[in-house]
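Just below is one structure, and these are the notes that go with it.
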Amino acid sequence: MTAPLIMCSKSRWLPPVRREHAWCELAVAHGHPVTFIEAPSDIRKLRSMGTRRWMAGVVAPESRVGDETVCVRRRSTVTPGHVNRVASAIDARLLGRVLRTTTSEFVGGALVCCWPWDWPATQKAPVRRRIFDMADDWGELMPGRRDRFADLYARIAAEADEIIVVNPSLVQRFPGRGPLVIRNGVSEIMLTASSTTPDARTLLYVGTLTPRFDSSLMKAVMSRLTDWRLELVGACMYPGLGEAPAGELRELLSLGPRVTWHGPVARTDLVDALDRATVAIIPNRPERSLGQDSMKLYDYAARGRPIVSTRWSESLGEEGPPGLRLASSADEFVAAILDAAQEPVEWAAQRRGWAHANTWRRRWAQWSAAVFGTPPTDVADGIKAAAPDRTGRRAQALSPSAPASWQA
């Protein structure tokens, strides 16, 4: 039997739009039994979920998804494990119980963990391999907790069978190890779905709304672009607020019907939202974006949308998709948006070509080899799996000739 995969996720199964969803979907396509353990519902969800349903999450009931291909286990916890050491210990004990009941039938499989504070719970899981797949620099995202996360990273470096990071800058977080750098990617549906004509003067942001999203910048931008609309697609995840928007986002939303927050959507609806956008944006705060490899770039490029971003990464201009425009101030952002709205139509095809060279399917051989401990012999779309990059250097992406990034 093909080795099972247990994904200890930082997300819910629905909507399936994140990195771990892509790996699970590909694992199923390659014959691996998959169990997806959702991010927990903490005590703040007790009232909305109801006591019985919330308590059921303590023992993590199972549910099947689609054609019986994925086993989803929902779970509950008292306080999010990232809050402090006590909360982490309680949450780890609850997660450990879930893992023991999940993995008892999957001895010999691989367990992938996405949150550092979940790692202690994996210690006694009866699996053959334990993997840490890191998509964010948690110590930088949560000020005041850097030392605690450094301790967790050191433990992961000592215990993990493999460490995978999304950005070369994260390599240094694991002393004594050479983590494997595997970037994010894009789903095939984003490249193959039929397209529609974009709306006039419409900006779109897709992604989780956190302190990383510069609401103040966008309020200033929208105050200048008085005949434009801004659509926000994604869940809120502000510290201490659960799923509610923070004050600065509420100020942006107070601009009225020109700014609309839709919440998270399924990938099929995301395609429609992207196609309606005149310009797609990434107004990230650089100080909150260390260690990032934005999935938005891949999705935006796959639909051919013009993209305007802040300079949240020093290498963004070199590594981003063709025609990416970079700006820092509100005035620069406005100028870049207006320029993007008038760009040559052929640039869209060049961005789509860049996205085609960066699909999840092309990443699968290297990721699965690291997770299951097998040689990366798969071939996707005629491209052999790249040798593991353990030096922190980014593998060269295949892309057509394309316009250089535009600097505001």
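The values are calculated or read from the model by the stated rules, or taken from the named source; none is laboratory data. As the structure is a prediction and not an experimental result, all values here were calculated from the model. We place every Cβ from the backbone using ideal geometry, glycine too, and count neighbours over all the protein chains shown.
Can you name every residue in region 192-212 that is of a type outside the set (Lys, Arg) and touching a strand residue (DSSP E or B) at 6+ places or on another chain (Cβ under 7 Å)?
Of region 192-212, the ones of a type outside the set (Lys, Arg) are 192-200, 202-211.
Thr202, Leu203, Leu204, Tyr205, Val206, Leu209, listed by residue number.
Can you say whether Val265 is assigned to a loop (DSSP other than H, G, I, E, B) and within 20 Å of the chain's Cα centre (by Cα), as far as the supplied structure shows? For Val265, the condition - assigned to a loop (DSSP other than H, G, I, E, B) and within 20 Å of the chain's Cα centre (by Cα) - is met.
Test of understanding: among Leu111, Leu94, which residue is part of a helix (DSSP H, G or I), in contact (Cβ under 8 Å) with a residue 12 or more places away in the chain and either within 28 Å of Arg155 (Cα to Cα) or of a type in the set (A, V, I, L, M) (or both)? Can you show your working first?
On the way: Leu111 fails: part of a helix (DSSP H, G or I).
The conditions single out Leu94.
Note on region 43-69: residues that are within 23 Å of the chain's Cα centre (by Cα) and either hydroxyl-bearing (Ser, Thr, Tyr) or at pLDDT 90 or above (or both) total 1. Taking the listed residues Ala302, Ala330, Ala280, the one that is surrounded by fewer than 22 Cβ atoms within 10 Å (Cβ to Cβ), of a type outside the set (S, T, N, Q) and at pLDDT 95 or above is Ala330, with no other qualifying.
For region 61-98, a residue qualifies if it is in contact with a Pro (Cβ under 9 Å, 6 or more places away or on another chain) and of a type in the set (Asp, Glu), and exactly one does: Asp91.
May I ask you to say which residue of Ala404, Ala335 is at pLDDT below 90, over 20 Å from the mean Cα position of the chain (by Cα) and outside the structural domain of Ile163 (by TED's automatic domain parsing)?
None of the others qualify; the one that does is Ala404.
Just one of the numbered conditions (1) farther than 25 Å from Val171 by Cβ; (2) in a loop (DSSP other than H, G, I, E, B); (3) within 26 Å of the chain's Cα centre (by Cα) is not true of Gly81: (1). In this structure, does Ala369 turn out to be outside the structural domain of Leu217 (by TED's automatic domain parsing), surrounded by fewer than 20 Cβ atoms within 10 Å (Cβ to Cβ) and out of contact with any strand residue (DSSP E or B) (no Cβ under 7 Å at 6 or more places or on another chain)? When the stated conditions are applied, Ala369 passes them. Taking region 109-142, which residues are closer than 23 Å to Trp364 by Cβ and among the charged types (D, E, K, R)? Within region 109-142, Arg128, Arg129, Arg130, Asp133, Asp136 qualify.
Applying the condition of being touching a strand residue (DSSP E or B) at 6+ places or on another chain (Cβ under 9 Å) and loosely packed, with under 14 Cβ neighbours inside 10 Å to region 243-261 and asking which residue is nearest to Ser187 (Cα to Cα) yields Thr260. Listed conditions (1) surrounded by 15 or more Cβ atoms within 10 Å (Cβ to Cβ); (2) in contact (Cβ under 8 Å) with a residue 40 or more places away in the chain are all met by Arg85, apart from (1).
When you scan region 24-74 for strands (runs of 3 or more DSSP E) that lie fully inside it, which ones turn up with 3 or more residues that are surrounded by fewer than 19 Cβ atoms within 10 Å (Cβ to Cβ)?
Values: elements: 34-37, 62-65, 70-73.
In region 24-74, 62-65 are the strands (runs of 3 or more DSSP E) which contain 3 or more residues that are surrounded by fewer than 19 Cβ atoms within 10 Å (Cβ to Cβ).
Going through (1) at pLDDT below 90; (2) farther than 26 Å from Asn184 by Cβ; (3) among the small types (Gly, Ala, Ser) one by one, Ser169 falls short only on (2).
Is it true that Leu170 is over 26 Å from Pro80 (Cβ atoms), in contact with an Asp or Glu (Cβ under 7 Å, 6 or more places away or on another chain) and surrounded by 19 or more Cβ atoms within 10 Å (Cβ to Cβ)? No, not satisfied. Somewhere in region 3-23, is a residue more than 19 Å from the chain's Cα centre (by Cα), assigned to a loop (DSSP other than H, G, I, E, B) and surrounded by fewer than 20 Cβ atoms within 10 Å (Cβ to Cβ)? The answer is no; no qualifying residue exists. Give region 162-196 a look and list any residue that's without any contact (Cβ under 8 Å) to a residue 40 or more places away in the chain and in the same structural domain as Asp269 (by TED's automatic domain parsing), or say none. Thr192, Ser194 - these are the residues of region 162-196 that are without any contact (Cβ under 8 Å) to a residue 40 or more places away in the chain and in the same structural domain as Asp269 (by TED's automatic domain parsing).
Filtering region 193-211 to residues that are farther than 18 Å from Arg276 by Cβ and surrounded by fewer than 22 Cβ atoms within 10 Å (Cβ to Cβ) leaves Thr208, Thr210, Pro211.
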